[in-house]
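Chemist: The structure under discussion is supplied below as structure tokens; questions concerning it will follow.
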Number of protein chains: 2
Amino acid sequence: MNIGEAAKHSGVSAKMIRYYEQTGLIPSAGRTASGYRTYTGTDVQMLRFIRRARDLGFQVEAIGELLALWRDRSRHSADVKQLAQAQIAGLRRKIVEMESMVATLDHLAQGCSGDDRPDCPILADLEGEESLVAPACHSGPGFNR
Amino acid sequence: MNIGEAAKHSGVSAKMIRYYEQTGLIPSAGRTASGYRTYTGTDVQMLRFIRRARDLGFQVEAIGELLALWRDRSRHSADVKQLAQAQIAGLRRKIVEMESMVATLDHLAQGCSGDDRPDCPILADLEGEESLVAPACHSGPGFNR
DNA sequence: GCTTGACCTTCCAATGATGGGAAGGCCTAT
DNA sequence: ATAGGCCTTCCCATCATTGGAAGGTCAAGC
């Protein structure tokens, strides 16, 4: 199977398949005499595994660990569970951060008349009037920095 | 005031201050005879504005729009409110995505014994046993792709 | 005056995951 | 044989941020 077909069946773009090979996440694919990469059903299954894990928000590095456990016949389910729970904890942390942002913004937007007048508590807050808003978000880290 | 001091007072790193200047988010700072950038209290206020907006999850591009409104004496508060609400909507979308991921992972982790045995529904799901889990996360986009 | 250390400057590179595109080779159907 | 659709490698861009190297400047102490 060519890379394009493997991409179609796995939902991982050909670009990304080459990238994953290059970075060592997946082993080097076989090659035809003319240099084309070839893939088997097992390869496609692995790629779908990766895509599914990506959809669940795992970093590629964590996917590498998951793949290692997947290939390890003698793995302990506890190891997998731990990775999953770390992922859950990380996601929950981000969710809390974002909820805090939403709360602050919502509070500010509700205080904003939203009409033709220039006065706006949102800008006033951004300007640094720290006492006017919930302190939770003020010194907290941005979620994507 | 030197860039280091401006960084300290604004909470924006010197590196990022130079970057924001380079990309046009902020105007070019004044310079001393020897080439050092100089900053005023107003500049620091603008930097704190930027930092606060970053903490609230705004993209730098959106911060540019906010800054334009901040500088515009005749702005309408409705314009600011609209930006804030777009930001809220974007954050809420991401939160929903992540909550869906957490729900799926939680479901899988609960079905995992977490002991020494190798059997693990988490890996089984990642492998592609699509019928075993909530469909919401299966075809949805990853939140950070 | 000279040294030292802390600051500043510019430039270059890397991150992580992905997409875009160019230049060139291969394969298959007509 | 030719067209067009696939494949290959290589380079570049994204976005916000950090790191470092090489070199200039400032202020304090001797």
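Chemist: Which residue of chain A is nearest the rotation axis onto chain B, counting by its Cβ, and what is the distance in whole Å?
Modeler: That would be A:I95, 3.
Chemist: Right, another one. Helix-only mean residue ellipticity at 222 nm, chain B, DSSP H runs n ≥ 4 weighted -39,500 (n - 2.57), per residue, nearest 500. What is it?
Modeler: -18500 deg cm²/dmol
Chemist: List the aspartates and glutamates whose alpha-carbon lies under 17 Å from that of A:K81, not counting same-chain residues fewer than 8 positions away?
Modeler: Answer for A:K81, where 17 Å is the Cα cut-off: A:E61, A:E65, A:D72, B:D106, B:D115, B:D116, B:D119, B:D125, B:E127, listed by chain and number.
Chemist: Say a label goes 7 Å from Cα toward Cβ at B:E127 in every copy; what distances in nm does this one have to the rest, shortest first?
Modeler: 6.2
Chemist: Excluding residues on the same chain fewer than 8 positions from B:K15, give the aspartates and glutamates whose Cα lies under 17 Å from its Cα.
Modeler: Those aspartates and glutamates meeting the cut-off are B:E5, B:D43.
Chemist: In addition: May I ask you to list the aspartates and glutamates whose Cα is less than 12 Å away from that of A:K94, ignoring any residue fewer than eight positions away on the same chain?
Modeler: Partners within reach: B:E97, B:E99.
Chemist: What nm distances, shortest first, do you get from the label point of A:R93 to those in the other copies when the point sits 7 angstrom along Cα to Cβ?
Modeler: Counterpart label points of A:R93 in the remaining copies fall at 2.6 nm.
Chemist: Could you work out, residue by residue across B:20-29, how many beta carbons of other chains sit within 10 Å of that residue's beta carbon, and then give the average as an integer?
Modeler: If you average over the peptide's residues, the count of other-chain Cβ atoms is 0.
Chemist: Averaged across B:103-114, how many Cβ atoms of other chains sit within 10 Å of each residue's Cβ atom?
Modeler: 5
Chemist: Could you list which residues have their amide H under 5 Å from that of A:T38, counting only those 5 or more apart in sequence or on another chain, with H placed in the peptide plane?
Modeler: Placed amide hydrogens put A:G30, A:R31, A:T32 under 5 Å from A:T38.
Chemist: Same structure again: Could you give the length gained on full extension between B:N2 and B:Y19, defined as 0.36 nm per residue of separation minus the Cα-Cα distance, in nm? Before the final figure, lay out each step's value.
Modeler: On the way: separation 17, 0.36 × 17 = 6.12 nm, distance 1.57 nm.
This chain segment gains 4.6 nm when fully extended.
Chemist: Taking loop as defined by DSSP and a crowding limit of 15 other beta carbons within 10 Å, which chymotrypsin sites (Phe, Trp or Tyr not before Pro) in the range A:1-56 fit?
Modeler: Loop-located and lightly packed - A:Y36.
Chemist: Let me ask another. Per residue of B:78-91, how many C-beta atoms from partner chains lie within 10 Å of its own C-beta, taken as a mean? List each step's numbers first, then the result.
Modeler: Values: counts 7, 4, 12, 11, 3, 3, 12, 6, 0, 4, 8, 1, 2, 9.
Per-residue shielding by partner chains comes out at 6.
Chemist: Here is a further query. Contour minus end-to-end for B:A33 and B:D72, with contour as 0.36 nm per residue of separation and end-to-end as the Cα-Cα distance?
Modeler: 10.9 nm
FYI, it's all coordinate maths here, none of it is from the lab. Since the structure is predicted, the reported quantities are computational estimates derived from the model, not experimental observations. No Cβ is skipped: glycine too gets one built from the backbone with ideal geometry, and neighbour counts run over all protein chains shown.
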